[in-house]
1. Would you confirm whether or not the range B:58-66 contains a residue that is modelled with pLDDT of 95 or more and in contact with a Phe, Trp or Tyr (Cβ under 9 Å, 6 or more places away or on another chain)?
2. Restricting the search to the range B:30-42, which residues are touching a residue at least 12 places away in the same chain (Cβ under 8 Å) and within 10 Å of chain A (Cβ to nearest Cβ)?
3. Name the residues in the range B:81-117 that are hydrophobic (A, V, I, L, M, F, W, C) and under 26 Å from B:Ala133 (Cβ atoms), would you?
4. Inspect all residues belonging to the range A:58-66 and state whether any of them is buried (at least 21 other Cβ atoms within 10 Å of the Cβ) and closer than 19 Å to B:Asp29 by Cα.
5. Scan the range B:43-78 for residues that are within 10 Å of chain A (Cβ to nearest Cβ) and closer than 12 Å to B:Thr115 by Cα and jot them down.
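The values are calculated or read from the model by the stated rules, or taken from the named source; none is laboratory data. For clarity, every value in this text was computed on a predicted model and none was experimentally measured. No Cβ is skipped: glycine too gets one built from the backbone with ideal geometry, and neighbour counts run over all protein chains shown.
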There are 2 protein chains.
Amino acid sequence: MKAFTLAAAAATLLSLAAPASAQFAKAEDAIKYRQSALFVMSQHFGRIGAMASGRTPFDAKVAADNAEVVASMAKLPWAAFGAGTDKGGNTKANPEIWTEQGKFKEANEKLMAETAKLAAAAKTGNLDAVKTAFTARPPVARPATTSTELGNN
Amino acid sequence: MKAFTLAAAAATLLSLAAPASAQFAKAEDAIKYRQSALFVMSQHFGRIGAMASGRTPFDAKVAADNAEVVASMAKLPWAAFGAGTDKGGNTKANPEIWTEQGKFKEANEKLMAETAKLAAAAKTGNLDAVKTAFTARPPVARPATTSTELGNN
């Protein structure tokens, strides 16, 4: 029984100690992955932004489709900011991501929550709801500031 | 009334004539987008493949989550293979994508259908179902052959 408990404790510790990057074959893959996910997200964000600001005509179906992709993509990049992925590839990610992990995690969760709200707003087909949700999203989700907040992720 | 009809017809023609890449600010963005989407997809594919082949232990929840991302990502890249995006960026995409568009479209549709089946199989929590669906997916979805089928997309 004691052996089992120790084994279980060791397994828990190991899983806690395993960097999130363990999902990736190498740090470069994690870096390319998060950059890819954020780039795809930014493209779809941009299309909603163009409608929210009136640069392109509002199309409820297009807005809803794009917002759904944004909300899905918003869940992906964070697992790729694991230990040991602060250097490598062409990353210029902000070092604070690793030194202030609590703050980073909070920002990620806020982004996921706000993009989910944006997707829900877009589903209503109401441009004003989309505008409100688009403006309410946290700074990290804004393409213009993504580079300064995340570095070149 | 006639003017309206002509305007409507012109709008339809314009929308048909507009290359898919019109969603992107420039060809390089379309190229980066499709490469990004395919890279994210390949990472999640790889994790299911590792479980299907027994290289990593089967975890039903992890398999289902990854298969869902694969199926979502499989819908994205195709809009970024529009006219004028066969050259630019660091693309080495296979020229046949543009010369044999019917075949390419068919392959995309098959990939989307098969990845949807994979996601459904993974949801059952049954490893054998995952293995069958993983093996059944079309060649274009296999990371090992993606480079030859799509070029460096």
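1. Looking for residues that are modelled with pLDDT of 95 or more and in contact with a Phe, Trp or Tyr (Cβ under 9 Å, 6 or more places away or on another chain), one finds at least one in the range B:58-66, hence yes.
2. Hits for the range B:30-42 are B:Ala30, B:Lys32, B:Tyr33, B:Arg34, B:Gln35, B:Ala37, B:Leu38, B:Val40, B:Met41, B:Ser42.
3. Going through the range B:81-117, the residues hydrophobic (A, V, I, L, M, F, W, C) turn out to be B:81, B:83, B:93, B:97-98, B:104, B:107, B:111-113, B:116.
Within the range B:81-117, B:Phe81, B:Ile97, B:Phe104, B:Ala107, B:Leu111, B:Met112, B:Ala113, B:Ala116 qualify.
4. Within the range A:58-66, the first condition is being buried (at least 21 other Cβ atoms within 10 Å of the Cβ), and the residues that meet it are A:63, A:66.
From what's left, closer than 19 Å to B:Asp29 by Cα: A:66.
For the range A:58-66, residues buried (at least 21 other Cβ atoms within 10 Å of the Cβ) and closer than 19 Å to B:Asp29 by Cα: present.
5. B:His44, B:Asn66, B:Glu68, B:Val69, B:Ser72, B:Met73, B:Lys75, listed by residue number.
Quick grid of which residues meet (1) of a type in the set (S, T, N, Q); (2) in a helix (DSSP H, G or I); (3) at pLDDT below 95:
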| position | (1), (2), (3) |
| --- | --- |
| A:Ala11 | no, yes, yes |
| A:Arg55 | no, no, yes |
| A:Val70 | no, yes, no |
| A:Ala79 | no, yes, yes |
| A:Gly88 | no, no, yes |
| A:Ala121 | no, yes, no |
